[in-house]
Amino acid sequence: MSASEIAAVNKKFCAYVANGDLDQLMTLYTEDARFIAPNADFFQGRDEIKGFFQAVLDMGIKEVGLSTNEVDLQGDTAIEVGTYELLVDGGAQADHGKFMVVWKKTSGEWQLHRDMINTSTPAPE
């Protein structure tokens, strides 16, 4: 997997979120994917991950911005580390942080297999 392949999938990811097309978003994940978010248990499988993203959209998030910092390719697995930002209407930032994705090549396609985010926004006092 090259950085350009990751960028292409990440571009789809961001477009699907912006369009609210969670069914298409779920095609980017493996069937047995896990999503790891702060202050929550694992979201296991596409249905639970879809529920997480529906909650994100319901909170008013309109855009996701992703920036890849590094990619480590190991055969049919790749590890991506980067940063994200969540934007509401008007482009105001609602959250930002770090992410790590374990990519898995399945049926010739790279898919998100393990996806973890960690906010950089300070906890309220």
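The values are calculated or read from the model by the stated rules, or taken from the named source; none is laboratory data. Worth saying up front: this structure is predicted, and the values here are computed from it rather than measured. Positions of Cβ are generated from backbone atoms using ideal geometry, with glycine treated the same way; all protein chains shown enter the neighbour counts.
Against the definition (surrounded by 15 or more Cβ atoms within 10 Å (Cβ to Cβ), at pLDDT 95 or above, assigned to a loop (DSSP other than H, G, I, E, B) and not polar (S, T, N, Q)), how does Ile49 come out, yes or no?
Working: surrounded by 15 or more Cβ atoms within 10 Å (Cβ to Cβ): yes; at pLDDT 95 or above: yes; assigned to a loop (DSSP other than H, G, I, E, B): no; not polar (S, T, N, Q): yes.
It is false that Ile49 is surrounded by 15 or more Cβ atoms within 10 Å (Cβ to Cβ), at pLDDT 95 or above, assigned to a loop (DSSP other than H, G, I, E, B) and not polar (S, T, N, Q).
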- Message: Residues to consider are Phe13, Phe42; find the one that is of a type in the set (Phe, Trp, Tyr) and farther than 21 Å from Ser107 by Cβ.
- Response: Phe42
- Query: Looking only at the stretch 74-97, which residues are assigned to a strand (DSSP E or B) and under 24 Å from Glu31 (Cα atoms)?
  - Reply: Gln74, Thr77, Ala78, Ile79, Glu80, Val81, Gly82, Tyr84
- Item | Output for the stretch 10-40, where each listed residue is surrounded by fewer than 17 Cβ atoms within 10 Å (Cβ to Cβ), of a type outside the set (A, V, I, L, M) and either at pLDDT below 95 or under 25 Å from Gly91 (Cβ atoms) (or both) | Lys11, Lys12, Cys14, Asn19, Gly20, Asp21, Gln24, Pro38, Asn39
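Could you say which residue among Val71, Val56 is in a strand (DSSP E or B), surrounded by 12 or more Cβ atoms within 10 Å (Cβ to Cβ) and either aliphatic (A, V, I, L, M) or modelled with pLDDT under 95 (or both)?
Just one listed residue meets the conditions, Val71.
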- Item | First in the stretch 43-72 and touching a residue at least 40 places away in the same chain (Cβ under 8 Å), second anywhere and assigned to a loop (DSSP other than H, G, I, E, B), Cβ under 6 Å, 6 or more apart | Leu57/Gly20; Lys62/Val88
